[in-house]
Amino acid sequence: MESFAVSTRARSELIDITAEVKRIAGKSGVMNGLITVFVPHTTAAVTINENADPSVRHDLLKGLSDIAPANLPQYRHAEGNSDAHIKASLVGSSVTIIISEGRLILGTWQSVFFCEFDGPRTRKVDVQVIGKD
Amino acid sequence: MESFAVSTRARSELIDITAEVKRIAGKSGVMNGLITVFVPHTTAAVTINENADPSVRHDLLKGLSDIAPANLPQYRHAEGNSDAHIKASLVGSSVTIIISEGRLILGTWQSVFFCEFDGPRTRKVDVQVIGKD
Amino acid sequence: MESFAVSTRARSELIDITAEVKRIAGKSGVMNGLITVFVPHTTAAVTINENADPSVRHDLLKGLSDIAPANLPQYRHAEGNSDAHIKASLVGSSVTIIISEGRLILGTWQSVFFCEFDGPRTRKVDVQVIGKD
């Protein structure tokens, strides 16, 4: 397992971590297998989406905030971040990507994004590679 | 593969299954790998979220019920549990967690929760561990 | 890794790809392991849900369209498919299923569905199997 840190600068933010994931996949020496990117936090997540037009990231964060709005009167959790916990379970705490012939198999427009929903904070990402050399 | 049963007591409920998952990880003897927790049901799911304050669980279930309300007139499925099917696809049927040096790598506040969306029922959870001894 | 194509015929559509996934699992010769089904697109996804009553598929697509409506004035992305990007991150770009004793372990009512959110298009699905023969 390898880990790296992510520093977020806003309450909600998508940060492209594809380069770090590729680096760890390459370093592992695994030619055919799987790589799992896991976020060990309950108010953050990880997703795969478009990296070309930054407005996709804006619309994705706005869409998630419409789906799970902040500060609803129905929330009981006293920390005021229940929306972030809901987003974490909707988006998910991990992504698994195929490694084939030593390469990460992502689509042309796909990047891996760390999803901050209760920042800014310093966060951690854990990565595991399994398969055959 | 190992399986275990979960008895749910409400229509919507989150049940902490971390201890069972840890037990299966330990029993496998795998020191470095991945563990996949899979729910073989279409109106239930599995997620990772906060285990400390029970109000997070309340707010998560309430948030999901606002996102996919029960009994909308638009639903065609005659069983009356379309909301549960929608929640199952939003939250997901599996989680994958890293095993490193023989330990399940979860964040400080993370637990694995079986998500019942159409209970009460007796449910099943399947778990697979892969990696190196 | 194996790949196959999926031709979609509507903007939003769920297509059962379980047979292709089972075929690839069988061909791999892996008796105990995991199979990951990965969608290399940012306006499509993959999920596991009920295959028996087609109205579940209708209600799931309708539910997702209520959750992430098309053409909201707040969207900035000029391609007009921001709803599809949001649905892709909610549902997810991959599913991981257990292989045990040479069989795909799915529940009685579960099938694997390719989720088109911005069709019709010709799409691709990548599949990786890992484990022991």
*Among the residues of the range A:52-72, which ones are in contact with a Gly (Cβ under 7 Å, 6 or more places away or on another chain) and either under 21 Å from B:V91 (Cα atoms) or in a helix (DSSP H, G or I) (or both)?*
A:A68
*Would the range C:120-132 turn up any residue that is in contact with a strand residue (DSSP E or B) (Cβ under 7 Å, 6 or more places away or on another chain), in contact (Cβ under 8 Å) with a residue 40 or more places away in the chain and in a loop (DSSP other than H, G, I, E, B)?*
no
_Out of the residues in the range C:73-100 meeting the condition of being at the interface with another protein chain (Cβ under 8 Å from one of its Cβ atoms) and assigned to a loop (DSSP other than H, G, I, E, B), tell me which one is most open to solvent (accessible area, probe 1.4 Å)._
C:R76
*Quickly run through the range C:38-84 and pick out the residues that are among the acidic types (D, E) and within 23 Å of B:H77 (Cα to Cα).*
C:E50, C:D53, C:D59, C:D66
_Consider the range A:50-68. How many of its residues are facing another protein chain (nearest Cβ under 8 Å), of a type in the set (G, A, S) and touching a residue at least 24 places away in the same chain (Cβ under 8 Å)?_
0
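I'm checking my understanding of the structure. Among residues of the range A:101-116 that are assigned to a loop (DSSP other than H, G, I, E, B) and facing chain C (nearest Cβ under 9 Å), which one is surrounded by the most Cβ atoms within 10 Å (Cβ to Cβ)? Break it down into steps so the answer makes sense when it comes.
Filtering the range A:101-116 down to residues assigned to a loop (DSSP other than H, G, I, E, B) leaves A:101-102, A:105-109.
Checking the rest, the ones that are also facing chain C (nearest Cβ under 9 Å) come to A:101, A:105-109.
On the way: A:E101: 8, A:I105: 17, A:L106: 20, A:G107: 18, A:T108: 10, A:W109: 17.
The extreme case among them is A:L106.
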*If a residue has to be modelled with pLDDT of 95 or more, assigned to a loop (DSSP other than H, G, I, E, B) and more than 30 Å from C:G80 (Cβ to Cβ) to count, how many in the range C:7-51 make the cut?*
3
*Restricting attention to the range B:16-59, report how many residues are out of contact with any helix residue (DSSP H, G or I) (no Cβ under 7 Å at 6 or more places or on another chain), open to solvent by less than 30 Å² (accessible area, probe 1.4 Å) and over 21 Å from A:I35 (Cα atoms).*
6
*May I ask you to verify whether A:T8 is within 14 Å of chain B (Cβ to nearest Cβ) and open to solvent by less than 40 Å² (accessible area, probe 1.4 Å)?*
no
*Look through A:S28, A:S3 and report the one residue that is in contact (Cβ under 8 Å) with a residue 60 or more places away in the chain, more than 10 Å from chain B (Cβ to nearest Cβ) and of a type in the set (S, T, N, Q).*
A:S28
*Looking only at the range C:22-57, which residues are over 13 Å from C:I97 (Cβ atoms) and charged (D, E, K, R)?*
C:R23, C:K27, C:E50, C:D53, C:R57
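The values are calculated or read from the model by the stated rules, or taken from the named source; none is laboratory data. None of these values were measured; they are calculated from a predicted model. Neighbour counts are summed over all protein chains in view; Cβ atoms, including those assigned to glycine, are modelled from backbone coordinates with ideal geometry. Quick note on the areas: whole protein, heavy atoms, side chains included, nothing else; ligands and nucleic acids left out. Shrake-Rupley method; radii C 1.70, N 1.55, O 1.52, S 1.80 Å.
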